[in-house]
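Novice: The structure is given below, and queries will be raised subsequently.
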Amino acid sequence: MAIEVMATDKRKSQTDKGGFRGCPPVAKVVFGILLLLAAGMAKADSGFFAILGGQRVGTSVMPFLKIPVGARAEAMGGAYVAIANDPFAVFWNPAGIAQIENRWKGKFTVDPERQPEGVKGPAAGYAPLFRGDRTLGLVRINWLADISYDVVSFIHPLPVGVIGISLANLSMAEMEITTEYRPEGVGEYFSFGDALVGLTYALEMTDNFSWGVTLKYASEELADTRMDNVMIDIGTYYWTGLRDLRIGVALVHFGPNARPEGTFMDVDQNGDSYSRHFTAYAPPTEFRLGGAMTLFAFGPNKLLSAFQLNHPVDNAENLKLGLEYGFKGMLFMRGGYKVNTDEDRWTFGAGVRVPWRGYAVSADYSYTDFGILDQAQRISLGIAF
């Protein structure tokens, strides 16, 4: 999994060594207001959010699409739409894959150790960690109820734009069939699983703005029942020009209603059996809006903050807050908090990124507390070349 490397206007690369020295005051004011609004809504958890859609719970299909992908993203509480710049960006904001090259270089990189423009000498800062703009990411998620979710994503630049391919598979052990009269089991078993294939394209229109779109096919199987659907994700990524403040917006899992194939037997009020089709429901479409910015950067230390507002079609609105502390661009500690979610409230994790034989190799871990539902863990591996 690729790691966030933030950034500075080249004209101010020398003044950035003192944290916010050289940073326009308006940048601090704008992001401070955003964080205050986020904190205010967090305080109003039981009031503001509860009236805005809790009645919609359970009204969508293919809920596996809502499982957060990527250990780094989840460790920051899922506040990732405005950071998404690694192989797993295709699951958060497709426009982010056009920003992979901006992680360690470019107009907006905040790197206090970076060699000032025009100064000769050995590479400094994150230069040893940058190994091209092609990235491969793998993640294993140990989900609730002994469910496993495996994901692979590959990003590659094109002559015009960037392309991404993603594959995901959710699986669990077979379960024995039980009935009202045989609660101990009938000796037969059934399986459940989900699969996803996605193709992403993103284009950096200017130094400040990029957009992206993902076309994806998802399927779900339960015993002999199968359901398929085609959806799209659309996203934008905007560097405001104030320090490294960036805004991300995405609409994900947008598509037609879906229902299982075939029919099933139902009973009417007279007790007569008849065949009927399954009811169709919408996919778990979600609108995401977020921001991210480096709070301080001095010496080898950096602290990145992020927030994200989510508007799902099948639940109440929620807020995600995240922090990432980085040391020398190689070691990371992360934490996050989720507001107005059912059980998963806080997250934490860590990561490492090191150069190795011409590649930049990374490993990340996240832990999510689910209260009475126990916990979920993620391990992500990545390579950039």
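The values are calculated or read from the model by the stated rules, or taken from the named source; none is laboratory data. Source: prediction; values computed, not measured. Glycine also receives a Cβ, built like all others from the backbone with ideal geometry; neighbour counts cover every protein chain displayed. Heads up: the accessible areas ignore ligands, DNA and RNA and are worked out on the full protein's heavy atoms, side chains in. Shrake-Rupley method; radii C 1.70, N 1.55, O 1.52, S 1.80 Å.
Novice: Any idea which of (1) at pLDDT below 95; (2) open to solvent by 80 Å² or more (accessible area, probe 1.4 Å) is the one Phe190 doesn't satisfy?
Specialist: Of everything listed in (1) at pLDDT below 95; (2) open to solvent by 80 Å² or more (accessible area, probe 1.4 Å), Phe190 misses just condition (2).
Novice: Would you check if Leu136 is part of a strand (DSSP E or B), farther than 22 Å from Phe370 by Cβ and of a type in the set (A, V, I, L, M)?
Specialist: Considered against the rule, which asks whether it is part of a strand (DSSP E or B), farther than 22 Å from Phe370 by Cβ and of a type in the set (A, V, I, L, M), Leu136 comes out as yes.
Novice: A further question on this structure: Could you please find all residues in the stretch 167-179 being open to solvent by 30 Å² or more (accessible area, probe 1.4 Å) and either touching a Ser or Thr at 6+ places or on another chain (Cβ under 8 Å) or closer than 30 Å to Met205 by Cα (or both)?
Specialist: Selection gives Leu167, Ser171, Met172, Glu174, Met175.
Novice: Would you confirm whether any residue within the stretch 84-93 is at pLDDT below 90 and open to solvent by less than 10 Å² (accessible area, probe 1.4 Å)? Talk me through it step by step, then tell me what you get.
Specialist: At the first step, the residues of the stretch 84-93 found to be at pLDDT below 90 are 85-86.
Narrowing the set further to residues that are open to solvent by less than 10 Å² (accessible area, probe 1.4 Å) leaves 85-86.
Within the stretch 84-93, one or more residues are at pLDDT below 90 and open to solvent by less than 10 Å² (accessible area, probe 1.4 Å).
Novice: Output the strands (runs of 3 or more DSSP E) that fall wholly within the stretch 186-294 and possess 3 or more residues being within 27 Å of Glu176 (Cα to Cα), or say none. Walk me through how you get there before you give the answer.
Specialist: Values: elements: 192-204, 209-222, 225-239, 246-254, 263-267, 273-277.
Counting at least 3 such residues, we get 192-204, 209-222, 225-239, 263-267, 273-277.
Novice: Can you spot a residue in the stretch 105-121 that is open to solvent by 10 Å² or more (accessible area, probe 1.4 Å), modelled with pLDDT under 95, among the acidic types (Asp, Glu) and closer than 19 Å to Leu203 by Cβ?
Specialist: no
Novice: Let me ask something additional. Can you tell which of Pro355, Pro283, Pro300 is touching a Pro at 6+ places or on another chain (Cβ under 6 Å), in contact (Cβ under 8 Å) with a residue 24 or more places away in the chain and of a type outside the set (Lys, Arg)?
Specialist: Pro355
Novice: Taking the condition of being open to solvent by 20 Å² or more (accessible area, probe 1.4 Å) and polar (S, T, N, Q), how many residues in the stretch 303-316 meet it?
Specialist: 1
Novice: Is it the case that some residue within the stretch 123-134 is crowded, with 24+ Cβ neighbours inside 10 Å, more than 23 Å from the chain's Cα centre (by Cα) and either among the hydroxyl-bearing types (Ser, Thr, Tyr) or modelled with pLDDT under 90 (or both)?
Specialist: yes
Novice: While we're on this one: Do we find that Gly58 is modelled with pLDDT of 60 or more, more than 15 Å from Gly322 (Cβ to Cβ) and in a loop (DSSP other than H, G, I, E, B) in this structure?
Specialist: Considered against the rule, which asks whether it is modelled with pLDDT of 60 or more, more than 15 Å from Gly322 (Cβ to Cβ) and in a loop (DSSP other than H, G, I, E, B), Gly58 comes out as yes.
Novice: Oh, and also: Of Pro283, Pro256, Pro300, which residue is loosely packed, with under 15 Cβ neighbours inside 10 Å, within 24 Å of the chain's Cα centre (by Cα) and over 17 Å from Gly70 (Cβ atoms)?
Specialist: Numbers: Pro283 fails: loosely packed, with under 15 Cβ neighbours inside 10 Å; Pro300 fails: within 24 Å of the chain's Cα centre (by Cα).
Pro256 is the lone residue from the list that is loosely packed, with under 15 Cβ neighbours inside 10 Å, within 24 Å of the chain's Cα centre (by Cα) and over 17 Å from Gly70 (Cβ atoms).
Novice: Let me ask you something else. Please go through (1) in contact with a strand residue (DSSP E or B) (Cβ under 8 Å, 6 or more places away or on another chain); (2) of a type in the set (Ser, Thr, Tyr); (3) under 22 Å from Ala95 (Cα atoms) for Ser171 and return the number of the only condition it doesn't satisfy.
Specialist: Of the numbered conditions (1) in contact with a strand residue (DSSP E or B) (Cβ under 8 Å, 6 or more places away or on another chain); (2) of a type in the set (Ser, Thr, Tyr); (3) under 22 Å from Ala95 (Cα atoms), the odd one out for Ser171 is (3).
Novice: Could you tell me which numbered condition Gly164 fails, if it satisfies all but one of (1) surrounded by 14 or more Cβ atoms within 10 Å (Cβ to Cβ); (2) closer than 23 Å to Glu261 by Cβ; (3) under 16 Å from the mean Cα position of the chain (by Cα)?
Specialist: That leaves (2) as the condition not met.
Novice: Tell me which residues, restricted to the stretch 144-161, are part of a loop (DSSP other than H, G, I, E, B), open to solvent by less than 80 Å² (accessible area, probe 1.4 Å) and under 27 Å from Ile100 (Cβ atoms). If you could, list the steps in order and put the result at the bottom.
Specialist: The initial filter retains those residues of the stretch 144-161 that are part of a loop (DSSP other than H, G, I, E, B), namely 147, 158-161.
Now drop any that are not open to solvent by less than 80 Å² (accessible area, probe 1.4 Å), which leaves 147, 158, 161.
Of everything in the stretch 144-161, those that are part of a loop (DSSP other than H, G, I, E, B), open to solvent by less than 80 Å² (accessible area, probe 1.4 Å) and under 27 Å from Ile100 (Cβ atoms) turn out to be Leu158, Gly161.
Novice: In this structure, does Val249 turn out to be among the β-branched types (Val, Ile, Thr), over 26 Å from Gly193 (Cα atoms) and surrounded by fewer than 16 Cβ atoms within 10 Å (Cβ to Cβ)?
Specialist: no
Novice: Scan Val339, Val352 and give me the residue that is of a type in the set (Val, Ile, Thr), open to solvent by 40 Å² or more (accessible area, probe 1.4 Å) and in contact with a Leu (Cβ under 7 Å, 6 or more places away or on another chain).
Specialist: Going through Val339, Val352 in turn, just one is of a type in the set (Val, Ile, Thr), open to solvent by 40 Å² or more (accessible area, probe 1.4 Å) and in contact with a Leu (Cβ under 7 Å, 6 or more places away or on another chain): Val352.
Novice: May I pose another question? Any idea which residue in the stretch 357-378 is farthest from Ala71 (Cα to Cα), counting only those that are modelled with pLDDT under 95 and aliphatic (A, V, I, L, M)?
Specialist: In this case the residue turns out to be Ile372.
Novice: Something else about it: Any residue at all in the stretch 217-227 that's within 16 Å of the chain's Cα centre (by Cα), open to solvent by less than 60 Å² (accessible area, probe 1.4 Å) and in contact (Cβ under 8 Å) with a residue 60 or more places away in the chain?
Specialist: Looking through the stretch 217-227, none of the residues is within 16 Å of the chain's Cα centre (by Cα), open to solvent by less than 60 Å² (accessible area, probe 1.4 Å) and in contact (Cβ under 8 Å) with a residue 60 or more places away in the chain.
Novice: State all residues of the stretch 68-100 that are at positive phi and touching a helix residue (DSSP H, G or I) at 6+ places or on another chain (Cβ under 8 Å); if no residue qualifies, say none. Step through it out loud before you land on a result.
Specialist: Of the residues in the stretch 68-100, the ones at positive phi are 70, 77-78.
If the condition is that a residue be at positive phi and touching a helix residue (DSSP H, G or I) at 6+ places or on another chain (Cβ under 8 Å), then Gly70 is the only one that fits.
Novice: Is one or more of the residues making up the stretch 201-210 open to solvent by 50 Å² or more (accessible area, probe 1.4 Å) and over 29 Å from Val152 (Cβ atoms)?
Specialist: yes
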